[in-house]
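Enquirer: I'd like to ask some things about the structure below.
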Amino acid sequence: MGMAAESQFHVLAVDDSLCDRKLIERLLQKSSCQVTTVESGSKALEFLGLRQGLQSNDPNELSTSPHIHQEVEVNLIITDYCMPGMTGYDLLKKVKESSAFKNIPVVIMSSENVPARISRCLEEGAEEFFLKPVRLADLNKLKPHMMKTKLKNQKLEEIEEASKDETALVEPEIKDSTKIEILPLQQDLQLVQQEEQTLCTNNKRKSMEEGISTDRALTRFDGITTTV
Amino acid sequence: MNAGIAQLQMQFRDYTISLYQQGFLDDQFTELKKLQDDGSPDFVAEVLLLFFEDCVKLIGNMARALDKSTGTVDFSQVGASVHQLKGSSSSVGAKRVKGLCVTFKEYCEAQNYEGCVRCLQQVDIEYKTLKTKLQDMFNLEKQIVQAGGVVPQVDID
């Protein structure tokens, strides 16, 4: 199995308003994302759960085909705050509490500018908080997350290529990188793809991702917290 | 024939600008237009359709919640529908509808029955007025395209 580097960044969008779902879907498509929209937090969890390999007996519950055998990964969740039943905050908590999904970045949207609400969400692990109506410019803040996933996919491909070639080229490089705790993200994308020695001399301080580990195969990324 | 297209385009431009100037639309509507392209050529019309359907549904909810014949009025129920309508009107750039919802919400919180009933009537009139205006705008677009012209991009200052 290969993680295709060309596979699109997949966003799960949650909103109880049909109007707003249509809007967020178009915004995300315009930003080159693959989008799945659901109308509630519980439907979102259902979608996530099923996509991680559990079987459902009720295909009618899904908005997309239940018969996909390869995993369709969700790269980001964007959810409305104010929803009946499970709020966006509740959904955020459930995602962050689950071992399977806690690494999926979650973005909260709200029509109300309530500072206490915003800090609560960010403290609970939300990556971003967008005020509605969300605009194309807001989605630019998601680019770093898209780059991280693209990088992860590219690296996975490289690792697979390397193991196919039966060279030890990739492995020793990766072991060295465990010395490096912090790396800047965007400026050093090139560096990470090149020789690992270059990374050892890098002293930049901005805290972003950890070094690449063969065992965990790029599944862990620390979120970038942004101030609102 | 070209004079015909130019005239239609000018009509369209003037009409669109007047909708902004009279406060029917705000810059969120402009944002909607940015999302329309060859891949989604009817996006704006589609979203507006959903919005107007929302209006019918929510105003129906509000009217039912304000109906005294069924018992005491549940202002929080009215407020919940107003909140939703405020949200969708904000999302599509329906400025006047949104403004009315702000006032309406205040009356709900104050549990002011007469104020709520007045707002309900006004919001009903307002969304219908907007619907007619936008239909006229879309018709002008259609006429331009049918005449072989291109719908001009209108810059709002």
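A short reminder: the numbers here are calculations on the coordinates, not readings from a lab. Just so you know, these numbers come straight off a predicted model, no measurement behind them. As a convention, Cβ positions derive from the backbone with ideal geometry for all residues, glycine included, and neighbour counts pool all protein chains shown.
Enquirer: Considering amide H positions built from the backbone, and no H for Pro or chain starts, which residues 5 or more places from A:MET109, or on another chain, come under 5 Å of its amide H?
Expert: A:THR79, A:ASP80, A:TYR81, A:PHE130
Enquirer: Residues with amide H under 5 Å of A:MET86's amide H, sequence separation 5 or more or different chain, H placed in the peptide plane at 1.01 Å from N; which?
Expert: A:GLY41, A:SER42
Enquirer: Using alpha carbons only, how many degrees (0 to 90, rounded to 10) separate the axis of helix B:113-146 from the longest principal axis of chain B?
Expert: It works out to around 10 degrees.
Enquirer: Hey, what angle do you get for helix B:75-92 against the long axis of chain B, alpha-carbon based, 0 to 90 degrees rounded to 10?
Expert: It works out to around 10 degrees.
Enquirer: Then there is this: 222 nm [θ] for chain B, helices only, -39500 (n - 2.57) per DSSP H run of 4+, per residue, to 500?
Expert: Computed mean residue ellipticity for chain B: -26000 deg cm²/dmol.
Enquirer: Here's a follow-up. With the cut-off at 1.5 for a/c, could you classify the stretch B:1-70 from its C-alpha gyration tensor as rounded, prolate or oblate? Spell out each step's value before the answer.
Expert: Numbers: a/c = 2.97, a/b = 2.13, b/c = 1.40.
Cα axes put the stretch B:1-70 in the prolate bin.
Enquirer: Hey, another quick one. If Lys and Arg each add +1 and Asp and Glu each add -1, what is the summed charge of the other residues whose beta carbon sits under 10 Å from the beta carbon of A:LYS132? Show your work: numbers first, answer last.
Expert: Details: positive: A:ARG135; negative: A:ASP15, A:ASP20, A:ASP80, A:GLU112, A:ASP138.
In short, -4.
Enquirer: State, as an integer percentage, the relative contact order of chain B based on alpha-carbon contacts under 8 Å between residues 6 or more apart.
Expert: Once normalised by length, the contact order is 32 percent.
Enquirer: OK, next. With 20 Å as the cut-off, how large is the P(r) tail for chain B, expressed as percent of Cα-Cα pairs?
Expert: Roughly 53 percent, rounded to a whole number.
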